[in-house]
Amino acid sequence: MAGEAAEQPTDAPPEPQAAPPAEFDWAAAVNPLIGVDTSEAPLAEQVGTHQPAAPPPEAAAPVPAPGQVGPAGAGQPIPAEELVRKHQHGDPLARRMGRSVRKAVGGGTREARDMAAFVELMQRPVPSTRQIAVASVRGGAGKTTMAALVSTELARHRRDRVLAADADAELGSLPLRLGVRPQLSLFDLAGQNPRSFEEAARFLAPTPEGLLVLSSTRGGRIAGEFTLEMFQNAVSQVARYVGTTVIDCGAGILTELNRGVVAASHGLVLVTPGTVDGALSARGALEWYAANNQRDLLARTVIAMVSHAPQVGADLQRAQQMLAAWGLPVVPVPYDRHLATGGSLNMSMVSAAARAAVTQIVHEVFARSLGAGNTG
């Protein structure tokens, strides 16, 4: 046998390497941070060696029928909550217990004062419907998550109606983050003339907090491209019945749609990653606004600097100082395990630090929206 092996030609193609062991967790190797708290996970899960038992044969994916595109059942998308490994609370258990102890011994006085001021602001009537835009220079900054948080927090504390509108023409994920799946979209509402809120509400999806959601997709699927005129027409059909509209812009600040939404808004939350290049891109956006006859926009802008990892090596304090030099409030939003899953938001699962940051952002931008003229 050894001689036969030696007689094989030297230029024969190498034998294919064995596939990785079945227990190797590629998902953990590719993206170990999303939705995973490695500080509390078992060691086997941290190193990616944990693998659940293989499903029984009858649980295997069915073979597509002839002429069928994709797997059987592809017409029924998997609910987003089924893609999340487990319910991740933003705060570890030990931190939650420690916070409860501090409250029991009389801590949190400053937080109580801040919340009282926030509640007082939320009770103020609006002179007319207010529009708040949430934008970012690029995708992946956390803009949609911030829009969902801001609109939900407003709906929880405002007595008038709050609308969250998705202005992303590609595949806006605002309904996903808000836990709704509207079957109608702004395409269906545009051109209509609802004579009452009840007629307009047919095109909206409510959340448990009472937030009204206007989607750019139908049933989670892309409905098509829309113009600034179409978007404004759809929003105007509902805005007359709500006190505040929060608009989740698409990525970027230079498109006609995003420029029009921002220009017509009474407040702007500019979202940037909590990194060096994120801070520099936010500064570039401020410079562009100032150089293109939109300096008045800066007076109603709040910057949200979102951290997407538990630890960041950048000097974020200096980055915040650089942006604050423009005279704008810069609010750092710490990494949150619940927000990092990318699923539907549950405010009770968001960490105390992230909730405090969101409350501050809402306070800052809503106060500025009340002082802004009606630009719409």
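Below are the figures for this structure:
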| quantity | calculated |
| --- | --- |
| Value of relative contact order over the stretch 128-371, rounded to a whole percent, pairs C-alpha under 8 Å and six or more apart | 27 percent |
| GluC sites (Glu not before Pro) restricted to DSSP loop in the stretch 205-301 with at most 15 other C-beta within 10 Å | Glu225 |
| Net charge contributed by nearby residues that have their C-beta within less than 9 Å of Ser185 (K/R +1, D/E -1) | -1 |
| Counted charge near Gln360, where neighbours are those whose Cβ lies closer than 14 Å (Asp, Glu -1; Lys, Arg +1) | 0 |
| Environment charge at Arg218 (Cβ cut-off 15 Å; Lys +1, Arg +1, Asp -1, Glu -1) | -2 |
| Spin-label pair Ile222/Arg195, simplified geometry with 7 Å Cα→Cβ offset, distance in nm | 3.9 nm |
| Label-point separation in nm, Asn233 to Asp277, each point 7 Å along Cα→Cβ | 4.0 nm |
| Point-to-point label distance, Leu370-Ala325, nm (Cα→Cβ direction, 7 Å offset) | 3.3 nm |
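Taken together, the values in this text are just the output of simple stated rules run on the coordinates, not laboratory data. Model, not experiment: these values are computed from the prediction. A quick note on method: Cβ atoms are made from the backbone with ideal geometry, for glycine too, and the neighbour counts reach across all protein chains shown.
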